[in-house]
Amino acid sequence: MTVVDTIKDTDARTLTVVTELDAPPERVWRLWSDAGQLSRWWGPPSWPATFTAHDLTPGGGSKYHMTGPDGTEAHGWWRVLATDEPRSLEVEDGFADADGNPDDSLPVTTMHVDLAPVDGGTRMTITSRFASAEALEQVLGMGMAEGMREAIGQIPALLAEG
């Protein structure tokens, strides 16, 4: 498994997932920047993602949905805050309705992705910061930590393809 650590910090209102990957940061960046590749790993295997819009320029954004085993769709959006290719990415990540409009009844997280070169590969650190400890607990209760570990577990196969 590529996940090295998962750290929940209620006081800081963060969930951090640390991963080590056998590819340089430039290759790992494409896992984020290419909508086709992102769609192949962003959702866990039982809830695959489909990105219908994807623009990583600051001020840009993404729309996506994940499809469950019974066909249920869970929609989401990103608003890109900052990018530093191939080193980092920061987005707001939220839930959406079926038309892609933000669902204000569910938490929004600020997700920071850091890609650092290590020993011929990349250490990818994803830190999700929430507005409150309650919001963090709400998404953890929805399976976010497990879903992220399962989703990230799909990355090595994509990297092996080149």
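The values are calculated or read from the model by the stated rules, or taken from the named source; none is laboratory data. Only a predicted model underlies this, so the values are computations on that prediction, with no experimental measurement involved. Please note: Cβ atoms are built from the backbone with ideal geometry, for glycine as well, and neighbour counts cover all protein chains shown. Accessible surface areas use protein heavy atoms only, side chains included; no ligands, DNA or RNA. Shrake-Rupley method; radii C 1.70, N 1.55, O 1.52, S 1.80 Å.
Quick look at the numbers
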read-out: Residues being open to solvent by 40 Å² or more (accessible area, probe 1.4 Å), without any contact (Cβ under 8 Å) to a residue 40 or more places away in the chain and assigned to a loop (DSSP other than H, G, I, E, B) - total across the stretch 47-77; value: 9
read-out: Among (1) buried (at least 17 other Cβ atoms within 10 Å of the Cβ); (2) free of Cβ contacts under 8 Å to residues at least 40 places away in the same chain, the one test that PRO86 misses; value: (2)
read-out: Members of the stretch 10-45 found to be open to solvent by less than 60 Å² (accessible area, probe 1.4 Å) and either acidic (Asp, Glu) or in contact with a Gly (Cβ under 8 Å, 6 or more places away or on another chain) (or both), listed by number; value: LEU21, ALA23, GLY43, PRO44
read-out: Cβ pairs under 8 Å, 6+ apart, first in the stretch 11-40 and of a type in the set (Phe, Trp, Tyr), second part of a helix (DSSP H, G or I) and open to solvent by less than 10 Å² (accessible area, probe 1.4 Å); value: TRP32/LEU38
read-out: Residues of the stretch 86-141 satisfying the condition of being among the small types (Gly, Ala, Ser) and within 20 Å of GLY60 (Cβ to Cβ); value: SER88, GLY94, ALA96, GLY100, SER128
read-out: Pick from the stretch 96-117, criterion modelled with pLDDT under 95 and hydrophobic (A, V, I, L, M, F, W, C), ranking: nearest to PRO25 (Cα to Cα); value: LEU106
read-out: From the options ALA116, ALA133, residue that is surrounded by fewer than 18 Cβ atoms within 10 Å (Cβ to Cβ), among the small types (Gly, Ala, Ser) and under 17 Å from THR14 (Cβ atoms); value: ALA133
read-out: Residue pairs meeting the criteria (Cβ under 6 Å; at least 6 apart or on separate chains; first in a strand (DSSP E or B), in the stretch 96-119; second of a type outside the set (Val, Ile, Thr) and open to solvent by 80 Å² or more (accessible area, probe 1.4 Å)); value: THR110/ARG129; LEU115/ARG87; ALA116/ARG123
read-out: Among the residues listed as GLU161, GLU90, the single one being within 11 Å of the chain's Cα centre (by Cα), closer than 21 Å to ARG30 by Cβ and of a type in the set (Asp, Glu); value: GLU90
read-out: Members of the stretch 139-162 found to be of a type outside the set (A, V, I, L, M), closer than 16 Å to ILE7 by Cα and assigned to a helix (DSSP H, G or I), listed by number; value: GLY141, GLU146, GLY147, ARG149, GLU150
